[in-house]
Amino acid sequence: MNNTSQQKKQRPSLSVEIAGLRLKNPVMPASGTFGYGQEYAPFFDLDELGAIVTKGLSLHPKAGNPTPRIAETTSGMLNAIGLQNVGVEDFIRDKMAFLRQFRAPVIANFFGNTLEEYGEMARRLSDLPEVSAAELNISCPNVKKGGIVFGTDPQAAAEVVSLVRRHLDKPLIVKLTPNVTDITVMARAVEEAGADAICCINTLTGMAVDVHRRKLRLANGTGGLSGPAIRPVAVRMVYQVVQTVKVPVIGVGGITKAEDALEFLVVGARAVQVGTANFVDPLAMPKIVEGLERFCREQGMDDINEVIGSLQST
Amino acid sequence: MNNTSQQKKQRPSLSVEIAGLRLKNPVMPASGTFGYGQEYAPFFDLDELGAIVTKGLSLHPKAGNPTPRIAETTSGMLNAIGLQNVGVEDFIRDKMAFLRQFRAPVIANFFGNTLEEYGEMARRLSDLPEVSAAELNISCPNVKKGGIVFGTDPQAAAEVVSLVRRHLDKPLIVKLTPNVTDITVMARAVEEAGADAICCINTLTGMAVDVHRRKLRLANGTGGLSGPAIRPVAVRMVYQVVQTVKVPVIGVGGITKAEDALEFLVVGARAVQVGTANFVDPLAMPKIVEGLERFCREQGMDDINEVIGSLQST
Amino acid sequence: MQNYNSTVLSNQELASGYYRMRILAPGYVSAARPGQFVMVRVRGGLEPLLRRPFGIFRTGFMPADCEGLPDKEYVEILYKVVGSGTSLLQDLHRGDRVELLGPLGNGFDIQPAAEQILVGGGIGLVPLYMLARRLVKGGNVRLLMGGRCRDDILAVTEFERLGVATYVSTDDGSLGEEGLVTEVLERKLAKYPRANVYACGPMPMLRAVHELCRTRKVPLQVSLEAFMACGVGACLGCVVKGAGHSESDPRYLCTCKEGPVFRAEQLEWDLLEKGHDDCGCTEEEA
Amino acid sequence: MQNYNSTVLSNQELASGYYRMRILAPGYVSAARPGQFVMVRVRGGLEPLLRRPFGIFRTGFMPADCEGLPDKEYVEILYKVVGSGTSLLQDLHRGDRVELLGPLGNGFDIQPAAEQILVGGGIGLVPLYMLARRLVKGGNVRLLMGGRCRDDILAVTEFERLGVATYVSTDDGSLGEEGLVTEVLERKLAKYPRANVYACGPMPMLRAVHELCRTRKVPLQVSLEAFMACGVGACLGCVVKGAGHSESDPRYLCTCKEGPVFRAEQLEWDLLEKGHDDCGCTEEEA
Ligand SMILES: Cc1cc2nc3c(=O)[nH]c(=O)nc-3n(C[C@H](O)[C@H](O)[C@H](O)COP(=O)(O)OP(=O)(O)OC[C@H]3O[C@@H](n4cnc5c(N)ncnc54)[C@H](O)[C@@H]3O)c2cc1C
Ligand SMILES: Cc1cc2nc3c(=O)[nH]c(=O)nc-3n(C[C@H](O)[C@H](O)[C@H](O)COP(=O)(O)OP(=O)(O)OC[C@H]3O[C@@H](n4cnc5c(N)ncnc54)[C@H](O)[C@@H]3O)c2cc1C
Ligand SMILES: Cc1cc2nc3c(=O)[nH]c(=O)nc-3n(C[C@H](O)[C@H](O)[C@H](O)COP(=O)(O)O)c2cc1C
Ligand SMILES: Cc1cc2nc3c(=O)[nH]c(=O)nc-3n(C[C@H](O)[C@H](O)[C@H](O)COP(=O)(O)O)c2cc1C
Ligand code: FES
Ligand code: FES
C-alpha cells in the first residue's frame, strides 16, 4: 500500500475555530436564507453543518416590506424582505426547543432600529445558553440619524459595536455591508470597537425593472442583490478585510459549490456562509462540506486549515 | 386599415439628445470594449450606432497591466487591462481617419494620472473637430494624493471635473465608478463642477481565485467586474443619479439585450452603453437598436423619449 | 418533501402555449395531497437561478413493463409559457433531467359536503384535479371553469371522466358560455346555498369569488400564487397578509408553507396585494 | 470574419478527453488560413458568458447530397476537455447549435523552404494540419509531435496521409520515442540546418524550441494562446510583450489579432508570461 492510498484512508479534518467557537467544518447558512433551521431539517441532518445561523432577530416582531419582495436577476436575486422576523420573544418560545436538539452551535443574527434596541438585544442574547455566538447586522438604517445606515459610517458602526460588545457575554461577529467605498475602513472600525470576528458581505443594493409595466419589480423599489453574480465582489472584500484585521473573517456571497467556498478560504476566510444557493439546491451545504473534504484529500492535506490563507503571491 | 396597422407602418423615432448632442438612437458602446471602432466594423455598419465611444485615452501611451488580464465569473467577467492605450498622439495619427468616415458622433473617453494630465487631455481633445464629446473617466488613482481614486472622493472629483470643464470646448460626460457608498454625492459633485452629462456605472471591483493553484486569476489581483451580473446595481445607481441631478444620464452595466437597455431608459437614462455584451455577440448593439424599435412599435409609441423616465410609481 | 434529480417522461402541448409534463417522481402517489405544488429546477447550472413553482396536476403510475420492473410513480404538471423558465421547460423532451422539490405546501382541507364547487380560472385549474378526484367519492362535484378564450380551457374532459359536472365560460364566448366564471358561480350558489367552494385563478377572480361566498356565508378555500425563492418557508419572499393584519402585528402567512391553500377567513382580503400578475393565469376582469 | 449561428455536424471522442467537432461553416474553406482560429459560443444564453477560442484544425466540404443540394462547407476543431466550456461542448450532438466567430487572427506566414519542420505539443497540434497541407506542396514536411502519454498524440495518421514524415515522442514512452519533442527537434536541426520551424504547444516547449532555433539561426514561427474575451482586438485582454518591450514603450501585441502566430523575433521571450497553463495543452518540462 503506497503513501497516497494511506492518506486517502484518513479523513481530513475540516474543523475550524472562530473567535473561540470550535466548528465541525467551516460551512454555515447565511442569515435569512435558512429560516430558523427547521425549514431545511427535512433535507439533511443539520449537525452536518459547522453552525446554524438564524434569520435576523429584533427586539420586537418586524413586519417587513410589502410584496413582491423578491425578483430574479442574471445569476442573482434581489430581496427586500425588510428583515421580517418573529422578534426575540417568539424566537425563544417557538424556535429554541427545535434548535436545542443539535450539537452544531447556533449563531443568532440580530439587528436593531436604534442604538438602544441593539443594546437590549445583546442583553437578551446573553441570557440564552443555546446561542453560542451573535452575529450583528449593521446594514440597518439608523432611524435617529436620519436613516444613514450604521454599516456605511465607521463612527456609527463603532458606536453600535462597542455598545453591543459591552452587553454581550459571547463571541460577537459583525456583518458588514459591501455598499461602501472602502470596506477596510469599516472592518478596522468594528475590530477596534470589539468585534471578535467579521462576516462579509451582506447584499449589494440593486434594482430591477419590469419594462412592460414600467414598474420596479420589488414593491420596496431597491433590494439586496445576492447569489453567484456577487461572488467576485465578495471575494475581493474578504481578501481586503483579511489583509486589514487580525480577527477571523467569515466569507459570504455567491457560494454555490465547494470550489466557490475555497476561493474565500484561500484568500483567508476562516469559514463561509451559504445563502441564495440553499434556495437553488436545499442540499447545497452538505454537498459543499463533502466537496471540501474531497479537495483536501486530492491535495493530500489532513486539515482544512492548510487551505485557509494559502494564497500564493503572483 | 385600422389604427394599429397604421402605427406599425411609421417607424418610431429612436433619436435622443445628450448635452446638445443629437444621437440617432440611444445605443453606444462602453469605453474599452469596442477598441477604436475598427475592430467591429467588419460586423455591422457603425453608423447604426447612436455614437462611437473610444477606449480610454491618456496623454502618453500607457502599458497597462501584466497578463492574465481577464477572468470569467458567473454571468460576468473581471478585467484588469490597466487602461492600456496608444496615447492621444497615436490616436490622432492612426485612428482618426477611420473614425472620420462615420456620421455617428465620436465620444472620446479619457483619463489622466495627475490633475495636469487631465487638463492637458481636455485641451488636446478640444482641438479635434472629429470628437463630438469627451467622456471623463475619473476611476483612476490620483498618484499625488497617495493613490486615492478621484472617482470615490467628491472633492477630488469636483476638482478634476471643473479643471477639465475649463479646458474643454465640447460636451463633457463624466463617468462614475460604482465603488462608493453614495453615488448621489458623487453625481451632485460632478454636476456642480460642470458635467454636461453623467455616465454610470464603471466596473465593480472584484477578484477571482484559482483554487487549485491558489493564485489570483488576474495578475493584477483585483479587476473590474462587468457583464449581466452587475446590471441590478447599475440600474439602481442610474435610478438614484437620475433622481439627483438635472443633467442627462447615460446608463451602462450588464446590458445584453433590448429589454436590459429598457430597464435603464425606463428609470430615466437618456442613452445606454453596451460593454461586455459585445464580446459575447458582436452584433449585440444593432440587435438592441432593433429591439428598441420593436418595443416602441408594440407599445404604440412613435418616440423612444416616451419610454425615458416612464417609470410608474408602485 | 424531498429533492429528486428526476427524468421527464413526456412533455406535450395541450393548447397554444400550454403544456403538460409528466415527470418520474417516486413516492409522490401516496405523498402528494390535492393542492400541493413542486419547485422545478428547469435546468442544471445557474440560468435561471431560481426554481419555478408549479401545482401538481395529478400523480399516477406507469404500469410495470414487460421486464418485470415495478410500477413507476410520476407526477404531472400543467404549465403556461410566460417567461424564461417556462420557455426552457417547453423545450425539454423525454429523458431530459429536471430537479423536483416537493411535494410542498399544505394542500386543500377536504370538507365533506353534499355539493362541492370548484372554480378554476385558466391555469388555476391545475390544483383542482386531484381535489376533484378525492371529492367525487363523497358528493356532487361541479367544476366552473373560466378563461379568456377557448385556449385557456384545459383538461375539462378529464374532470368529466371523474364524474364531475363541468360548466365552461369564456370572456369571448369562444367556448362554453360567454361571460365570467363568477356569474356562473353566482347562479350555482343560489341553487346550492350549502355548497363548499374551492377556487384557484387570478386575483381579481378570487376576490370576486370571495365576495360571493362571504355574502352567502359559504365556506371558501383559495389557492394563491406568489413569487417564491425557496418554497419551504425559509426566505419569507412569498408572504400574504393574514386576517387582522396591522403594522405591529402583521400576521404574515407564507404562501409556500402555510399555503398555497388558505381558508378565506385566514386572509386580509382588503390588503392582499395584486400579487404577481404574470403568474401564468389569464387576467380577467371580475 | 463573420458570426455564424451554425450547426454541429459531428462530435467524436478521439482519445480520452479529446474531441473532434465538425461544424457547418459556409465560406470557411476559401477564407480560413492555416493558423487561424474561431471563437465558439458554446451555448445560447449567458452561461458560460464568454466564447472559447479554438484553433481551426481543418476545413472541408460535405459532398452534395442526392437531393442535388450544393456542397456544404465545414470547419473542424479538436479540443481537450479542461473546464466548464469544453465540458458543455463535449455534450453537443449532431444538429445542436453553436455560434462561430471567425476565422480570426493572422495565421502562419508560409515561407518556402526545402525542409519544413512542424513541432506540436499535445493539443498544440491543431493549427499545424492546415499548415502541413499547404507546405507539402513545396518541400519535405516533418511533424515532431510530443505529449505526456499516448492519449496526447492525436491525428498523426492524418498528417501521414498528407505525406508528412512524423516523429512521435512521449514523456512516458507509451507511444513513439521516450523523451521530449525538443530532443527530437535538436537532432533534426542538426541534420537540416536550413529548415523552417513552426511550433505550437505549451509555453515551456515553445521556449525550448525558441532557444534551439535562436542558437541555430533557424526561422521560427510560434502560435500562442492567451485568455481572450473578444477575439477581435477590442478588449486588449490577450496581449503579449513585443520585442524591445519597456514600461514606456510596451509594444504589446494582441494574440487574437496580431497573432496567434508570431515570428520568434517579434516577441520579448524573457518577459513572456507563463500564459494560461490550463490551455488544454499538456504541460511538459522542456
Ligand atoms: C404555488 C404556485 C403554483 C403555481 N402553479 C402553476 C401551474 O400549475 N401552472 C403554471 O403554468 N404556473 C403556475 N404557477 C406560476 C408559475 O410559477 C410561473 O408562471 C413561472 O414561475 C414563470 O416562470 P418563467 O421563468 O417562465 O417566467 P419569468 O421569465 O421568470 O417571468 C415571467 C413572470 O413569471 C413570474 N415568476 C417568475 N418566477 C417566479 C417564481 N419563482 N414564483 C412566482 N412567480 C414567478 C413573474 O411574475 C414574472 O413576471 C404557480 C405559482 C405558484 C406560486
Ligand atoms: C488562439 C487559441 C487557440 C486555441 N486552440 C485550441 C484548440 O485547438 N484546442 C483546444 O483544446 N484548446 C485550444 N485553446 C485553448 C482553449 O481555448 C481553452 O482550453 C478553453 O477556452 C477552455 O475553456 P473551458 O471553459 O473548458 O475552461 P474554463 O472552465 O473556463 O477554465 C479552464 C481553464 O481554461 C482556460 N480558459 C478559459 N477561458 C479561456 C479563454 N476565453 N481564453 C483562453 N483560455 C481560457 C483557463 O486557463 C482556465 O483555467 C486555444 C486557445 C487560444 C487562445
Ligand atoms: C432572502 C434573504 C434574506 C436575508 N436576510 C438577512 C438577514 O436577516 N440578516 C442578514 O444579516 N443578512 C440577510 N441576508 C443576506 C445573506 O445573509 C447574505 O449575506 C447574502 O445573501 C449574500 O450571500 P449569498 O450570495 O450566498 O446569498 C438575506 C439574504 C437573502 C437572499
Ligand atoms: C475590457 C474592458 C475594458 C474597459 N476599459 C474602460 C476604459 O478604458 N474606460 C472606461 O471608462 N471604462 C472602461 N471599461 C468599463 C466599461 O466601459 C463599462 O463601464 C463596464 O464594462 C460596465 O458595462 P458592461 O457590463 O456592459 O460591460 C472597460 C470594461 C471592460 C470589460
Ligand atoms: S418561497 Fe421562501 S418563504 Fe415561501
Ligand atoms: S481577445 Fe480581446 S483583444 Fe484579444
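List of remarks:
- Cα convex hull, region D:33-133: 130 Å³ per residue, rounded to a whole number.
- Kirkwood hydrodynamic radius computed over region D:211-275 comes to 12.3 Å, based on all pairs of distinct alpha carbons.
- Across the identical copies, how the B:Pro141 labels are spaced - nm, sorted shortest first, 7 Å along Cα→Cβ: 3.6
- DSSP beta bridge pairing in chain C, given as percent antiparallel to the nearest 5: 60
- Computed on the Cα atoms alone, the convex hull of region D:151-214 gives a volume of 98 cubic angstrom per residue.
- Footprinting exposure proxy ranking of C:Ser246, D:Ser174, fewest other C-beta atoms within 10 angstrom first, gives C:Ser246, D:Ser174.
- For region B:124-189, the spread of Cα positions along each principal axis, largest first, Å: 37, 25, 16
- Efficiency of FRET from Cβ geometry, C:Met1 and C:Lys191, R₀ 41 Å, rounded to 0.05: 0.55
- Net charge of the neighbourhood of D:Glu178, taken over other residues with C-beta under 9 Å away and scored Lys/Arg +1, Asp/Glu -1, is -3.
- Hull shadow area, averaged, region B:1-153 [alpha-carbon convex hull, nm²]: 13.2
- Of all chain D C-beta atoms, the nearest to the rotation axis linking D with C is recorded, alongside its rounded Å distance, as D:Glu47, 2.
- Protection proxy ranking of B:100-109, C:195-204, by the mean of other Cβ atoms within 10 Å over each peptide's residues and highest first, is C:195-204, B:100-109.
- Angle of helix C:203-215 to the longest C-alpha principal axis of chain C, folded into 0 to 90 degrees and rounded to 10: 40°.
- For chain B, the longest principal axis of the C-alpha atoms and the axis of helix B:284-298 are separated by about 30°.
- A cut-off of 5 Å between modelled amide H atoms, ignoring neighbours fewer than 5 places along the same chain, links C:Thr166 with C:Leu143.
- Environment charge at B:Ala193 (Cβ cut-off 9 Å; Lys +1, Arg +1, Asp -1, Glu -1): -2
- Electrostatic dipole magnitude of the protein assembly as shown [Cβ: Lys, Arg +1; Asp, Glu -1; Cα centre; debye, to 20]: 220
- Spin-label model, B:Ala41 to D:Phe61: label points 7 Å out along the Cα-to-beta-carbon direction sit 3.4 nm apart.
- Pairwise FRET efficiency - A:Ala97 versus C:Lys137, Cβ, R0 = 35 Å, nearest 0.05: 0.35
- Kirkwood hydrodynamic radius (C-alpha pairs) into Stokes-Einstein, region C:47-201, 4 °C and 1.567 mPa s, D in µm²/s: 75
- Modelled spin-label separation between D:Ser246 and A:Arg188, with each label point placed 7 Å from Cα along the Cα-to-Cβ direction: 3.8 nm.
- Size descriptors for chain B (Cα atoms only): Rg and Dmax, in that order, 19.0, 69 Å.
- Per-copy distances of the B:Glu306 label point, shortest first, in nm (7 angstrom along Cα→Cβ): 6.8
- With one equal scatterer per alpha carbon and no solvent term, the Debye-computed log10 I(q)/I(0) for the protein assembly as shown at 0.09, 0.10 1/Å reads -1.23, -1.45.
- Region C:202-255 - charge dipole about Cα centre, Lys and Arg +1 at Cβ, Asp and Glu -1, debye rounded to 20: 280
- Value of [θ]222 nm, deg cm²/dmol, for chain D, DSSP H segments ≥ 4, -39500 (n - 2.57) each, nearest 500: -4500 deg cm²/dmol
- Helix A:183-192 axis versus longest C-alpha principal axis of chain A: approximately 90°, rounded to the nearest ten.
- D:Ala114 sits among other residues whose Cβ lies under 12 Å from its own Cβ, and their net charge, with Lys and Arg +1 and Asp and Glu -1, is +1.
- Under 20 Å from a label point set 7 Å out along the Cα-to-Cβ vector of B:Asp90, the amide N atoms of region B:64-79 belong to B:64-70.
- Between C:Leu162 and C:Arg97, full extension at 0.36 nm per residue minus the direct alpha carbon distance yields a gain of 20.3 nm.
- Each of B:Val106, B:Phe279, A:Ala133 was placed along the dipole of the protein assembly as shown (beta-carbon charges, centred on the mean Cα), and the one lying farthest toward the positive end is B:Phe279.
- Take each residue in A:265-274, count the other chain C-beta atoms within 10 Å of its C-beta, and the mean is 2.
- Globularity ratio of chain D, using Cα Rg and 2.2 N^0.38 Å: 0.97
- Across the copies of the chain, B:Ser13 has label points (7 Å from Cα along Cα→Cβ) spaced 7.4 nm apart, shortest distance listed first.
- Once the C-beta distance of D:Trp269 and C:Ser84 is scaled by a Förster radius of 60 Å, the resulting FRET efficiency is 0.80 to the nearest 0.05.
- Kirkwood Rh (inverse of mean 1/r, distinct Cα pairs), region A:175-314, angstrom: 16.1
- Each peptide in C:252-265, A:160-173 gets a packing score, the mean of other Cβ atoms within 10 Å over its residues, and the list from highest to lowest is C:252-265, A:160-173.
Taken together, the values in this text are just the output of simple stated rules run on the coordinates, not laboratory data. Bear in mind that the values here come from a model prediction, so they are computed numbers and not experimental data. Neighbour counts are summed over all protein chains in view; Cβ atoms, including those assigned to glycine, are modelled from backbone coordinates with ideal geometry.
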